[in-house]
Structure formats: C-alpha cells, structure tokens
There are 2 protein chains.
Amino acid sequence: MKKATIKDIAKAAGVSIATVSYILNDVKTQSISDETRVKVMKAAQQLKYVANRTAQSLKIKKTGLIGILLFQEQEGHYWSDFKYAKTVGKIEQICGQLGYHVIFMQVRSQLSDYKMIMERNLDGVFLINADQEQFGTISNYFGFGIPVFVIDSYIDDSLFHKIIPDFAQSFRACEAALGGRPEFLVTDAYNNEKLAGFIREQSGLEDERICVYDNPEQLNDFLSRFEGKPGIVINEFLALEVLKKTARIAAVCTCHCPQVLPGTVGRITFDLNDYQEIVHKMDRYIQDADYVDPEKFYYLSGTP
Amino acid sequence: MKKATIKDIAKAAGVSIATVSYILNDVKTQSISDETRVKVMKAAQQLKYVANRTAQSLKIKKTGLIGILLFQEQEGHYWSDFKYAKTVGKIEQICGQLGYHVIFMQVRSQLSDYKMIMERNLDGVFLINADQEQFGTISNYFGFGIPVFVIDSYIDDSLFHKIIPDFAQSFRACEAALGGRPEFLVTDAYNNEKLAGFIREQSGLEDERICVYDNPEQLNDFLSRFEGKPGIVINEFLALEVLKKTARIAAVCTCHCPQVLPGTVGRITFDLNDYQEIVHKMDRYIQDADYVDPEKFYYLSGTP
DNA sequence: TTGTATGCGTTATCAG
DNA sequence: CTGATAACGCATACAA
C-alpha cells in the first residue's frame, strides 16, 4: 500500500492536479464549484491522503522546521540533561501550536552539526548554552536570513536575539529571601564564558566568594570557608548538593524545577510562559521576511 | 547572498550537474578524472555549498529523519519533563552518530500530531509512553513499512518493537537491597495502562499495597499504613517524595538519575547504552528494507 | 570520463 | 471555474 499523492486523487476524482491542490490548500484566489470540491475531498479521504511536506518544502521554500540546538558541556553533571529539558519542552510545545515541527540536536562542537541548519533549510533556530569560540568559527554558515535566538549564550553578534535570565533581579530577590547580603555564590558552569562572567559580575561578590561548581570535593572545600553563612546557588540541582553542607541558601532555579528543593530555602523561579512571546516573535520573522524587532534582548524575569 | 546549488557549482566549474553530483556524493560506479574532481571540489568550497536535504529526500525517498514522539501525561508531575530527558538525549545522540536528524514532538493526543510522521516521511519512529487507546485509533496512519519502536508502552500490535525496563529483575534487586520482602510499592503513573498493570503484577503485591502516585496527600495517606516498613518506589523523583515520610525504600531509577537520591537508599539503575543496540537495529531496518528482527521485545536490565 | 534528460510531489502561473 | 505545465534541487539511467 503506497502513499497516495495529489495525482492519485486527481485521477480518482477525475480532475486535474492543479484543482486538487487548490482545494486541499484552500486557495482563496481560486473559486471551485462545490461539486468538485466534495468530490475531491471524498477521494482524498478515501485514499488516506497526507501531504508530502518534503515536496511542499522544496517548492515553497519553507520547511516549517525549527531547530533547537543544545550545546553540551564537555564534562556535564548528572543534571545536564535536565537543565534545559523544560525549556526545550516548552519551546517545542509552542512551536507545535504554531504548526512547526522541531528538530532537536545536541551539539558536541562538530562542524557537521551546524551544517544541519543549512542542509535542512530550517526556518528558525534556537541555540542553547552556546559557547562563543566554537560558535564564532562557523557562524559564516549562518547569515542566510533565518532568525536565530540564543538562550543562555552571550554571542558577539547583533544579529542574534539573546535570551537570558535576569540575574541582577534574581540576586535581589535572593537577598530579600535570605534577609541579608549573601556571603557566597555557587554557580553551575555554562559553556558561554561571557555569560559566566556576567553572572559573577551581577552578584557583586569578590571572586574568592564565588565557586563555579566542578566536583563535590571542590564544592566542599569552598563551602567550608562559609560555615553558617548565607549564600546563593544558581541551579536547583546544584543547590541540592550545597544543601548537604549548609542550609542558609537561596536558589535561582534556572532549570525551572524548584520542586526538587525543600520549601525552606528561598527559591527564585522563572515563568516558562515567557517563551510564548519569544517563539511568537520568531514566527513573525518567518512569516514576515523583513520584520525587524527593536528589542533584541530578552530577560526572563525571576519571581520568588 | 543566496544558497548555492549544484547547478551553480556546475556552472562555476564548467561541468555538468551530473558530474558535480557524482563527485559530491562520491559515487563509486563513476570514474572521474582527478582534474575535474578538484575543480569541482574547489568551486563547491568557494560557493560554500551545502546539500539541500529537502530536495535530496524527495528524490531518494529517504529523509534521514527519525521521530521521537513523547506522549504527555494528562496531568503530569514536576518530573514529567525529566522522566525521559536522558532517554531522548541518548537516542538523539546515537541517531546523530548514524547521520540521522531527530524530530522531537510531545503529543497531546491530537490526531494532527501523528500525521507528522507521514507528512514528514520519517524513516523511523520512537514512541514513548504511548497509551493504547489514543494510539489504536490512529495506527492506520502507520503500517507504511517504517520501523516503529515503542518505549514504556505496551501496544497490542506485533509490528512494533517494544522496549521496557525489566521490572521483574528490578524487583528482585530491590528485595536484595532491602534485605527482605517489600511491603509496599509506590509507582509513578504511566499513560499505558497495560504497562501499569504489568508493573503491579510483577511486584507480586496485592493491590492494597500498591499506590499509583497522584498527589502528596494521597501518598501520605498510603504511606501512613506502612510506618517503618520497607518498600519499593518506581521513579527516583517520586522516591524523593516518599523519602519525606519513610526511609526504608529501594528505588527503581527509571529516569536514569539515581543521583537525586541519597546513597543510603537502594537504587536500581539502567544503562543508557542499551539504546545503542536499539537505535542500530532501527538503522538496520532503514538500510535493509526487508530485514526482520526475530527479537521484538527489548528489556532494559537494571543493575543495583 | 562526462553530459542529457527524466522525475520525485508540490505549488503557482498562465491559458482556456 | 478548470487544466496544462514549468519550476524547486537533486540523483540516476542512459547516451555519447
């Protein structure tokens, strides 16, 4: 049993291919008699016709495909796969509502990975946790006018829309939750060095008071210098580790999952629905080829 | 700056499009003079040519696209998005190594969702946590000869390859870890009723001793009947909840993330590398149209 | 060793 | 209102 094409429908309904296409696509500029319309629709149903998006894409030069490229950290922790799970899920959901399909890819800095964007003629791309270095070398593969949004990545290119959590505001919320100035900061690692620097800077803490998590021993060493003092942790899973040593912390829940933490610690969360606006924005770029967004920077604002 | 086609390369190199195609695809049955080969390769590089997989797909009738359809539970818990994050990540990784790209889709039982498989001409599909009901009604959209593997789903159709954790073995391991027979079982909900029944059955416990988690109150009520008794929990995140009440548990870590649990509880884990064999099997189906696998049932075997 | 021509399934332009 | 027909970018049988 082979897949039916519009040609098959045309034959079955005794009309031309063009007519079938008009009817299936509900082309407004063409007027079709009700008679042929039902005839064709019936045939389509009978033959269980489904459109061939591959052929369609080739013709109309739009694939309806959106890429989510998730940059993997070289040596990730156990929560690496959870870190952006909710983000990816949410973006996929919204894309789906808008009629797009999503190609999900984890990139391990292979050049071949990026080629996918061009090869598959994606309509838009989300890059998550992208590193400047590996990125810069291949950015000449982009620039073909498709919208690129970068999440948790500080890329030196004004073409891209940047989306990062509002750390400044989150830190203020943490301070409120702690009831005083934090004495230390423990943060999860990010591929993007500039983002990492930004976090450190926003915290307002000196470097000796900041720990970028690498392994349990290192964390323990660090924490032993702050017994009983209040501190901030970026990433709730990391906070889970920190809690083994000290309880006076507030956590910035960058993984959108405060539930893993006990209610006794201050938890700053971000609203996943913020992605609604972002994906819709991308949609607008896709629909309207020469739309330009005055706002290229999106902050996810945290709430306690 | 438009994308270059093989036609552009042909023109630039002064050869025919066929020749270009032969060279780019490294077609063995054609012998090409070194001279034209370098000429063409150079032109391709200069024009920054990337293949158009859409056109390719249309021609060769293979898209190189594999679908991962993740069935969402109607009312999920906070860990729903993590439940299959590692599985999806692993499958994508292996697919990537084999040269496939992955379309990731969460399905909320819309008929339109399944159509994607046909519309996009996927080469293969993984269905995760699929419910029999919603599934049966639309399975006639399948059967076009593409391999379908179902994960954590017990579908009444011998066409599909089924992959589920080896619960029987896991339960035995739990018993060993607990040092005695468990008195109760708390399990996460699954879309697939038959799988849920299978789990209950394999536990060998009476229904009164089994709790399918719905909400914290219900869990507390249940657990209060088993103060100080040993039990088993399916799903490590759920185990985190159970631990708030009782400590004598062993957990079957179906989310591949034992790390969220303290080392003091027995943890049964599964090896993500098992998916290697599975994805390679799918690849074989795709490559060799009439390959049949004698083994249609794959168990992921748990290890303490 | 290279080129010509056809078609994959669709959309869209132009005649009828 | 409907129908030929030319692309879209590529792979390949067949000719040269």
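Once the Cα atoms are used to define both axes, helix B:34-46 deviates from the longest principal axis of chain B by about 60 degrees.
Burial of accessible area (probe 1.4 Å, heavy atoms of protein chains only) in the stretch B:46-65, relative to its chain alone, reaches at least 40 Å² for B:K48, B:V50, B:R53, B:T54, B:L58. Between the residues B:F160, B:P216, B:H101, the greatest Cα displacement towards the positive end of the dipole of chain B, with unit charges on the Cβ of Lys, Arg, Asp and Glu, is found for B:H101.
The equivalent ellipsoid that matches the C-alpha gyration tensor of the stretch B:6-46 spans semi-axes of 15, 10, 8 angstrom, in descending order. Placing a label point 7 Å from the Cα of B:Q45 along the Cα-to-Cβ direction, the distances to the matching points in the other copies come to 5.9 nm, shortest first.
Projecting the Cα atoms of A:Q132, A:A10, A:W79 onto the charge dipole of the protein assembly as shown, computed from C-beta unit charges around the Cα centre, puts A:A10 farthest toward the positive end. Compute the angle between helix A:193-203 and the longest alpha-carbon principal axis of chain A, please, reported from 0 to 90 degrees and rounded to the nearest 10. Between the helix axis and the principal axis of chain A, the angle is about 50 degrees. Each residue, B:K194 and B:R181, gets one label point 7 Å from its Cα in the Cβ direction; the gap between the two is 3.0 nm. Gaussian network model of chain A, Cα springs within a sub-10 Å range: biggest mean-square fluctuation belongs to which of A:K42, A:K194, A:K244? Checking each option, the largest mean-square fluctuation is seen for A:K42. Using a Gaussian network model of chain A in which every pair of alpha carbons under 10 angstrom is joined by a spring, one finds that among A:Y114, A:Y78, A:Y285 the greatest mean-square fluctuation is at A:Y78. Convex hull of alpha carbon positions in the stretch B:1-81: directionally averaged projected area 9.2 nm².
Springs between Cα atoms under 10 Å define the GNM used for chain A, and in it the highest mean-square fluctuation of A:Q46, A:Q134, A:Q202 occurs at A:Q46. Taken about its Cα centre, the stretch B:169-209 carries a charge dipole of roughly 180 debye when the Cβ of each Lys and Arg holds +1 and the Cβ of each Asp and Glu holds -1. Can you tell me the 0 to 90 degree angle between the C-alpha axis of helix A:167-178 and the longest principal axis of chain A, rounded to 10? With rounding to tens, the tilt is 50 degrees. With helices as the sole contributors, chain A gives -11500 deg cm²/dmol at 222 nm; each DSSP H run of n ≥ 4 counts as -39500 (n - 2.57), and the sum is divided by every residue.
Computed over every Cα-Cα pair of chain A and binned at 20 Å starting from 0, the pair-distance distribution P(r) comes out as 29, 44, 20, 7, 0 percent. Sort out for me the Cα centre separation of the stretch B:151-199 from the stretch B:205-226, rounded to whole Å. Using only Cα atoms, the two centres lie 17 Å from each other. Here the ratio of the Cα radius of gyration of the stretch B:48-147 to 2.2 N^0.38 Å is 1.17. Orientation-averaged projection of the stretch A:140-199 equals 5.1 nm² [convex hull of Cα atoms, one quarter of hull surface area].
Here the Karplus curve 6.51 cos²θ - 1.76 cosθ + 1.60, taken at θ = phi - 60°, turns the phi angles of the stretch B:253-261 into couplings of 7, 5, 8, 6, 9, x, 4, 6, 9 Hz, with x standing for Gly and Pro.
Ranked from shortest, the separations from the 7 Å Cα-to-Cβ label point of B:K194 to its equivalents in the other copies are 5.3 nm. Full extension of the chain between B:Q30 and B:K59 yields a length gain of 8.5 nm, computed as 0.36 nm times the residue separation minus the alpha carbon distance.
Cross-link reach is defined here as a Cα-Cα straight distance under 23 Å, omitting same-chain residues fewer than 8 places apart; for B:K42 the lysines meeting it are A:K115, B:K2, B:K3, B:K7, B:K11, B:K28. The same position B:S16 in the other copies lies at 3.3 nm from this copy, comparing label points 7 Å beyond Cα toward the beta-carbon, shortest first.
Note on B:75-88: average number of Cβ atoms from other chains within 10 Å of each residue's Cβ is 4. Over chain A, Cα pairs under 8 Å with separation of 6+ residues give a relative contact order of 16 percent. Average projection, convex hull of the Cα set of the protein assembly as shown: 32.1 square nanometres.
Values of log10 I(q)/I(0) for the stretch A:192-273 across q = 0.20, 0.21, 0.23, 0.26 Å⁻¹ run -0.97, -1.07, -1.25, -1.46, by the Debye formula with one identical scatterer at each alpha carbon and no solvent. Extension gain for A:D214 to A:A18 (0.36 nm times residue separation, less C-alpha to C-alpha distance): 64.4 nm. Counting only Cβ charges, +1 for Lys and Arg and -1 for Asp and Glu, the dipole size of the protein assembly as shown around its Cα centre is about 2360 debye.
The values are calculated or read from the model by the stated rules, or taken from the named source; none is laboratory data. On a predicted model such as this, the values are computed, not experimentally measured, just so you know. Virtual Cβ from ideal backbone geometry, glycine too; neighbours counted across all protein chains shown. Accessible surface is based on the protein model in full, side chains and every heavy atom, while ligands, DNA and RNA are left aside. Shrake-Rupley method; radii C 1.70, N 1.55, O 1.52, S 1.80 Å.
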